[in-house]
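The values are calculated or read from the model by the stated rules, or taken from the named source; none is laboratory data. Model, not experiment: these values are computed from the prediction. Because the Cβ atoms are built from the backbone with ideal geometry, glycine has one as well, and the counts that use them run over all protein chains shown. Keep in mind that these areas ignore ligands, DNA and RNA; they rest on the heavy atoms of the full protein, side chains included. Shrake-Rupley method; radii C 1.70, N 1.55, O 1.52, S 1.80 Å.
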Amino acid sequence: MEENLWDSKTKYYILPNGKYDADELTDTGMCVTVILYFYYIESVDHYIGYIQNIPSFFKIEIYSPKSEILDKLKVFFTSKGNIHYHLKKNKGRDISTLLVAAKDLVINSDYVCFVHDKSMNAEYLKEDTDRWIDNLWGNMLSNAYYISHIITLFEREKDLGVLFPPSPIGEYLFHWYGDTWLDNYDNTCQLAKELDLSTEIRKEEMPVGMGTVFWARGKALEKLYSFDWNYEVFPEEPLVADGTLNHAVERVIEFVARDMGYRCACILTGDYASWLLSKTQEYARVMFLQLQKRENVFNINQIKNLDRREKELTEYVKNHEKNYVYGAGNYGRALYEFLKKRDIIIDGFLVTESGKTRRMFCGVPVKEIEDMVSERNVGIIIGVSYETRSVIEKQLKQNGFHEYIYGF
């Protein structure tokens, strides 16, 4: 693995996933455990190829609340001696597998991978769910070559604690670019308190991971087991969609690792990274064009500062008897529309020489800056391109105007 690909602050690692057989890997003597949880018998066949990718000297521990799933897998993997099967209670689902049933395996492993199956909740989510499943399993267990680079990454970067797959994204799944706390900030903070974590949890900082699919250094998860986990603490079925203890556990894992002095990141294959880059660019363009049309913005900086911009402009206009937008071009028009949608009324546009433009613009008068010299308590909002700001500032000051504000 090339040493110059990433720095110590990287949040995304694109790992190579070339081809060679799982049995070609060399046993280094480390204890590596892959824990798999299955609930949906109809989709078990989809995951068999991923299980075959796991090297024979790794421990493979398969859990399910359904004996028919375990029986099906036993038939398929009769020749794999490194697989062990466990029937467990369904209460707590995959979370109780991680925290109760497989507790000793996790804390006694140098490295551990935890993965579980998923199922779509509605037909319209089929394409998004299929991609999410490929995200989870492909970015954790793509093939033996890829898995070997995960272990190498951990060995090379000793401060890495947990590696998650990227958050899901799709036509209906917003998690990659949205608020992944959902209704789980308060319950995550409460769980962190019960685990005696000192790491700060900030609502405006989205968790790196939002589920129990990950690779981790065993030591990084030790504090996760400081709580007396048992099946009775988990909610009864049917599990509500959000806001439960299960959802808090999914988000607290990162903060457990950080409390132990480790950092967290995401890993992904080159194929998934290529798809993700194309898809996010497509989605970003769609979102930006809609924002541009509705909020009259030109760049991401303006979008990030929309709330502040609205508050500052509202207060500025209130403090002046008359208010003008300096600039009667594309930026001036966008600024006028932005203000109009917020019921902020301007008295006109200012320009350097009105002869170069119309006397009316957007239905309000256009005046030359020199005509405003005698005016008092005038608010001027600059609505010009960034590269001409310094020129406009100079003209304003030359005409005695030293109080103005930028519209963008």
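Over the range 309-357, the hull volume per residue, using the convex hull of the C-alpha atoms, is 77 Å³. Using the structure shown, list the pairs from Lys74/Lys223; Lys322/Lys397; Lys89/Lys219; Lys311/Lys397 with a Cα-Cα distance above 23 Å, or answer none. Correct reply: Lys74/Lys223; Lys89/Lys219; Lys311/Lys397.
Principal-axis analysis of the Cα atoms of the chain puts helix 245-259 at an angle of about 80° to the longest axis.
Of the accessible area of the range 136-241, computed with a 1.4 Å probe over protein heavy atoms only, carbon and sulfur atoms account for 50 percent. Solvent-free Debye calculation, one equal scatterer per alpha-carbon of the range 265-408: log10 I(q)/I(0) at 0.10 Å⁻¹ equals -0.42.
With a Förster radius of 35 Å applied to the C-beta separation of Lys74 and Leu239, the computed FRET efficiency comes to 0.80.
Size descriptors for the range 31-85, from the alpha-carbon set: Rg then Dmax equal 10.5, 32 Å. Multiplying the residue separation of Gln398 and Asp130 by 0.36 nm and removing their Cα-Cα distance gives an extension gain of 90.2 nm.
In the chain, the longest principal axis of the Cα atoms and the axis of helix 67-76 are about 80 degrees apart. Annotation: amide H-H contacts under 5 Å for Leu350 (H modelled 1.01 Å from N, sequence separation of 5 or more, or interchain): Val325, Tyr326, Gly327, Lys367. With a 1.4 Å probe and every protein chain kept in, tell me what percent of the accessible surface of the range 52-99 is carbon plus sulfur. That share works out to 51 percent.
Listed values for the range 297-311 are Karplus-derived 3J(HN,Hα) couplings in whole Hz (6.51 cos²θ - 1.76 cosθ + 1.60, θ = phi - 60°), namely 10, 10, 7, 5, 4, 5, 5, 5, 10, 4, 5, 5, 4, 4, 5, and x replaces Gly and Pro. Taking every protein chain into account, the accessible area of the range 233-333 amounts to 52 square angstrom per residue (probe 1.4 Å). If you plug the beta carbon distance of Asn305 and Met120 into 1/(1 + (r/R0)^6) with R0 = 41 Å, you get a FRET efficiency near 0.60. Keeping the other protein chains in place, figure out the carbon and sulfur percent of the accessible area of the range 285-405, with a 1.4 Å probe. That fraction is 49 percent. Backbone geometry of the range 93-108 corresponds, through the Karplus equation with coefficients 6.51, -1.76 and 1.60 at θ = phi - 60°, to 3J(HN,Hα) couplings of 6, 5, 5, 6, 4, 5, 8, 10, 5, 9, 3, 5, 5, 5, 6, 9 Hz, x marking Gly and Pro. Shape descriptor for the range 166-238: Rg over Rh equals 0.98 (Cα atoms; Rh from the Kirkwood inverse mean 1/r). Let a ≥ b ≥ c be the square roots of the eigenvalues of the Cα gyration tensor of the range 57-178; is it rounded (a/c under 1.5), or, if not, prolate (a/b larger than b/c) or oblate? Taking the square roots of the gyration eigenvalues as a ≥ b ≥ c, the range 57-178 is oblate. Estimated at 0.36 nm per residue, the fully extended path between Leu173 and Met360 surpasses their Cα-Cα distance by 62.7 nm.
Amide H contacts for Tyr13 (H built 1.01 Å from N in the peptide plane; partners 5 or more residues away or on another chain; cut-off under 5 Å): Cys266, Ile267, Leu268.
Remark: the range 363-378, residue by residue, has Karplus-estimated 3J(HN,Hα) of x, 10, x, 10, 10, 7, 4, 5, 6, 9, 4, 7, 6, 10, 6, 9 Hz, where x stands for each Gly or Pro and the curve is 6.51 cos²θ - 1.76 cosθ + 1.60 at θ = phi - 60°. Size descriptors for the range 46-122, from the alpha-carbon set: Rg then Dmax equal 12.8, 39 Å. Here the ratio of the Cα radius of gyration of the range 170-293 to 2.2 N^0.38 Å is 1.23.
Accessible surface area normalised per residue over the range 86-216 is 40 Å², counting heavy atoms of protein chains with a 1.4 Å rolling probe.
Mean projection of the Cα convex hull over all viewing directions, computed for the chain: 25.3 nm². Each peptide among 269-275, 40-46, 98-104 gets the average number of other Cβ atoms lying within 10 Å of its residues, and from highest to lowest they stand as 98-104, 269-275, 40-46.
Each peptide among 152-158, 299-305, 336-342 gets the average number of other Cβ atoms lying within 10 Å of its residues, and from highest to lowest they stand as 336-342, 152-158, 299-305.
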